[in-house]
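Participant: I'd like to ask some things about the structure below.
The values are calculated or read from the model by the stated rules, or taken from the named source; none is laboratory data. Please read all numbers here as calculations on a predicted model, not as lab measurements. Here the Cβ positions follow ideal geometry from the backbone for every residue, glycine too, while neighbour counts run over all protein chains shown. Ligands, DNA and RNA are excluded from the accessible area calculation, which covers all protein heavy atoms including side chains. Shrake-Rupley method; radii C 1.70, N 1.55, O 1.52, S 1.80 Å.
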Amino acid sequence: MAMVTATTNVKEPTSVLDRFTLKGKKAVVTGAAGGIGRATSMAFAELGADVAIVDIAAKLDMSNKVASEIAAKYGVKTIALAVDVSDKSSVDAMVAAVVEAFGTIDVVHSNAGIGAFDDGPDMTLEKWNQIISVNLTGVMLVDVACANVMKAHNHGGSIINTASISAHIVNPPYGDAPVIMAYPTCKAAVLHLTKSLALSYAKYGIRVNSISPGYIWSGLHAGCTSERCEFEESTVPVGHYGCLDDVTGPVALLATDLGAYMVGTDIIFDGGLTIY
């Protein structure tokens, strides 16, 4: 029996640079007031997208500052919005505000997340629920609300969830600190959430993928002791932390047409830590 193929002609490669663009696209980044979210917001803007800088209400002033800086540097339209990603009504209101300002949503980096030094078997149920509600339920609420816009507007899009190396391993404990429990649990769940949503939305041209960063040096490490930082670096085969530039490449790949055939994929960049 002859093999049935989708096409009789092999498609010639097209320009990488022509596909590496977000010109005219509308992007949403949660957890965007600093660190990884700020960096990916800048990357989306540099690639030509208008960007909604979204974070918690307590960081709205910083979100406005980031939005102003990005607009001035890259000449795109930006807005700053406050949201509680664990609350559906707050997420729905945020998405409605983005659509009102930009007209639609094409790209999402669902990046908001929290951790806790007392994360472990003896943590309170309240703390457990808080971490799960932000890091897992929050990702789901943002993804679904934004995907519904993409479906309604019939143009597809790209959704990128921030998982973690903690989705693949349980981080080596430092000193007498407890082995973290809630954070790796919800990050592992983000991987399967990503795959489930990828299957649900692929037929609409909506690609859902995730990233799993390793130890990335950002503002979150301001309170980290030098001893703890040295310990974390000692567990990484390349011997040092990653930087924000190490994040923007994978996210930009997934956001643009360079990643057009990537669906339900997780990209790990960790200096080799999860090789062990």
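Participant: Report, by residue number, each residue of segment 234-264 that is among the polar types (S, T, N, Q) and touching a Leu at 6+ places or on another chain (Cβ under 8 Å).
Facilitator: Across segment 234-264, the qualifying residues are THR235, THR256.
Participant: Moving on to the next point. Do we have any residue at all in segment 130-141 that's closer than 20 Å to PRO250 by Cα and touching a strand residue (DSSP E or B) at 6+ places or on another chain (Cβ under 6 Å)?
Facilitator: Among the residues of segment 130-141, at least one is closer than 20 Å to PRO250 by Cα and touching a strand residue (DSSP E or B) at 6+ places or on another chain (Cβ under 6 Å), which makes the answer yes.
Participant: Could you check how many residues of segment 74-110 are in a loop (DSSP other than H, G, I, E, B) and either in contact with a Phe, Trp or Tyr (Cβ under 9 Å, 6 or more places away or on another chain) or buried (at least 19 other Cβ atoms within 10 Å of the Cβ) (or both)?
Facilitator: Restricting attention to segment 74-110, the residues satisfying the condition of being in a loop (DSSP other than H, G, I, E, B) are 75-77, 83-87, 103-106.
Filter once more, keeping what is either in contact with a Phe, Trp or Tyr (Cβ under 9 Å, 6 or more places away or on another chain) or buried (at least 19 other Cβ atoms within 10 Å of the Cβ) (or both): 76-77, 83, 85-86, 105-106.
Residues in segment 74-110 being in a loop (DSSP other than H, G, I, E, B) and either in contact with a Phe, Trp or Tyr (Cβ under 9 Å, 6 or more places away or on another chain) or buried (at least 19 other Cβ atoms within 10 Å of the Cβ) (or both): 7 in total.
Participant: Can you run down the residue pairs with Cβ atoms below 9 Å, 6 or more apart or on separate chains, where the first is in segment 150-167 and without any contact (Cβ under 8 Å) to a residue 60 or more places away in the chain and the partner is surrounded by fewer than 22 Cβ atoms within 10 Å (Cβ to Cβ) and of a type in the set (Asp, Glu)?
Facilitator: Qualifying pairs under 9 Å: ASN161/ASP266.
Participant: Within segment 36-92, can you find the residues that are closer than 29 Å to PHE269 by Cα and of a type in the set (Asp, Glu)?
Facilitator: Within segment 36-92, GLU46, ASP50, ASP55, GLU69, ASP84 meet the criteria.
Participant: Ok, one more. Take the residues in segment 174-225 that are at pLDDT below 95 and assigned to a helix (DSSP H, G or I); name whichever of them is farthest from GLY31 (Cα to Cα).
Facilitator: The qualifying residue farthest from GLY31 (Cα to Cα) is GLY223.
Participant: A further question follows. In segment 116-149, how many residues are part of a helix (DSSP H, G or I), farther than 15 Å from LEU197 by Cβ and either free of Cβ contacts under 8 Å to residues at least 24 places away in the same chain or open to solvent by 20 Å² or more (accessible area, probe 1.4 Å) (or both)? Steps first, answer last, please.
Facilitator: Filtering segment 116-149 down to residues part of a helix (DSSP H, G or I) leaves 125-149.
Now drop any that are not farther than 15 Å from LEU197 by Cβ, which leaves 125-135.
The next check asks that each one be either free of Cβ contacts under 8 Å to residues at least 24 places away in the same chain or open to solvent by 20 Å² or more (accessible area, probe 1.4 Å) (or both); those that pass are 125-130, 132-134.
Total meeting the criteria: 9.
Participant: Yes or no: segment 28-49 includes at least one residue that is out of contact with any helix residue (DSSP H, G or I) (no Cβ under 6 Å at 6 or more places or on another chain), more than 18 Å from PHE102 (Cβ to Cβ) and surrounded by fewer than 24 Cβ atoms within 10 Å (Cβ to Cβ).
Facilitator: Among the residues of segment 28-49, not one is out of contact with any helix residue (DSSP H, G or I) (no Cβ under 6 Å at 6 or more places or on another chain), more than 18 Å from PHE102 (Cβ to Cβ) and surrounded by fewer than 24 Cβ atoms within 10 Å (Cβ to Cβ), which makes the answer no.
Participant: So which of ILE70, ILE53 ends up being closer than 21 Å to ASP245 by Cβ and assigned to a helix (DSSP H, G or I)?
Facilitator: Just one listed residue meets the conditions, ILE70.
Participant: Within the set of pairs 6+ apart or on separate chains, which have a first residue in segment 244-257 that is closer than 11 Å to VAL107 by Cβ and touching a residue at least 40 places away in the same chain (Cβ under 8 Å), a second that is part of a helix (DSSP H, G or I) and of a type outside the set (Gly, Ala, Ser), and C-beta atoms under 7 Å apart?
Facilitator: Filtered contacts from segment 244-257: VAL251/THR40; ALA255/PHE44; THR256/ARG19.
Participant: While we're on this one: Any residue that is in a loop (DSSP other than H, G, I, E, B), surrounded by fewer than 16 Cβ atoms within 10 Å (Cβ to Cβ) and modelled with pLDDT under 95 - is there at least one of those in segment 158-170?
Facilitator: Among the residues of segment 158-170, at least one is in a loop (DSSP other than H, G, I, E, B), surrounded by fewer than 16 Cβ atoms within 10 Å (Cβ to Cβ) and modelled with pLDDT under 95, which makes the answer yes.
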